[in-house]
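Asks: What follows is a structure written as structure tokens; I'll ask about it next.
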Amino acid sequence: MSNEGKIKHKELLTFSNLTNLDWHFVNLEKTITDTNGLSRTRSTKLNDLLTPKEFAKKYTDPKTGEEKPKPIYGVDDRGNYLGDEVALAEMRQRAGIAMEYLEKWEDKKNEEGSFLGEWEVIYAADNYKIVSEYLDSVHAINGTEADYPDRNDLKDNEKAIQKLQMVIKGI
């Protein structure tokens, strides 16, 4: 951000480009506990989050019952992780501008991407989560669920959008 509090063109372009990544899988908790039981403060700065290991679903291992991360980038059709190089290439394919600024800044010879170390991610969601949280807040304000689409309707986006349009128009 510039000294005047305005977002620069390259920052806006980068943030728009970052929407192509699946952020709803990124853990944004303020503290994390590692496998040894040690807790530490977690960084949510863009430069720290733009790594393949951060974009991972959590799943429970059926053999051990232990919760483990499952990467979403760099995975073949069978679910096998192909490595960080492949995952980074896929992330570059989806968010090339942002990843290019990250690489420039990590190079330490170029400060062009330094804003990635200044900006923090505070919320991550997919379309389902955004719409369901919106509906929950509307229900809480109005105290009724009768006129609004229920959570099951959200699986059919077209049906949910039609219901929301009717609510907005007051039909």
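Asks: Given a 1.4 angstrom probe, I'd like the percentage of the accessible area of segment 9-124 that is carbon and sulfur, rounded to a whole number.
Replies: C and S atoms contribute 48 percent here.
Asks: Ok, one more. Below 14 angstrom from the Cβ of Arg42, what's the summed charge of the other residues (Lys, Arg +1; Asp, Glu -1)?
Replies: Result for the local shell: -1.
Asks: Can I ask one more? With each label point set 7 Å from Cα along the Cα-Cβ vector, what nm distance links Asp84 and Glu67?
Replies: For Asp84 paired with Glu67, the spin-label model returns 2.5 nm.
Asks: Further, regarding this structure: With all protein chains present and a 1.4 Å probe, how do Asp76, Asp84 order by accessible area, largest first?
Replies: Output order, biggest surface exposure first: Asp84, Asp76.
Asks: Going by accessible area, probe 1.4 Å, with all protein chains left in place, what is the ranking of Ile97, Ile130, Ile72, Ile122, largest first?
Replies: Highest to lowest solvent-accessible surface, that is Ile122, Ile130, Ile97, Ile72.
Asks: Considering every Cα-Cα pair within segment 71-120, what fraction, in whole percent, is farther apart than 14 Å?
Replies: 57 percent
Asks: Another question, if that's okay. I need the per residue convex hull volume for segment 9-124, using only the alpha carbons, in cubic angstrom as a whole number.
Replies: It comes to 121 Å³ per residue, whole-number rounded.
Asks: Figure the gain on full extension for Lys53 and Leu12 (residue separation times 0.36 nm, minus the Cα-Cα span) and round it to one decimal in nm. Please report the intermediate quantities before stating the final value.
Replies: On the way: separation 41, 0.36 × 41 = 14.76 nm, distance 2.49 nm.
Stretched fully, the Lys53-Leu12 segment lengthens by 12.3 nm.
Asks: Right, next: Kindly report, to the nearest 10 Å², the accessible surface of Arg94 as traced by a 1.4 Å probe over protein heavy atoms only.
Replies: So the heavy atoms of Arg94 present about 100 Å² to solvent.
Asks: May I pose another question? Which length gain, in nm to one decimal place, applies between Tyr123 and Arg94 when the Cα-Cα distance is subtracted from 0.36 nm times their residue separation?
Replies: Length gained, Tyr123 through Arg94: 8.5 nm.
Asks: In what sequence, highest mean first, do 14-20, 104-110 appear when ranked by Cβ atoms within 10 angstrom?
Replies: By packing density, highest mean first, the sequence is 14-20, 104-110.
The values are calculated or read from the model by the stated rules, or taken from the named source; none is laboratory data. These numbers were taken from a predicted model, which means no experiment stands behind them. Every residue, glycine as well, gets a Cβ built from its backbone with ideal geometry; the counts of neighbours run over all protein chains shown. Please note that ligands, DNA and RNA were not included when accessible areas were found on the heavy atoms of the full protein model with its side chains. Shrake-Rupley method; radii C 1.70, N 1.55, O 1.52, S 1.80 Å.
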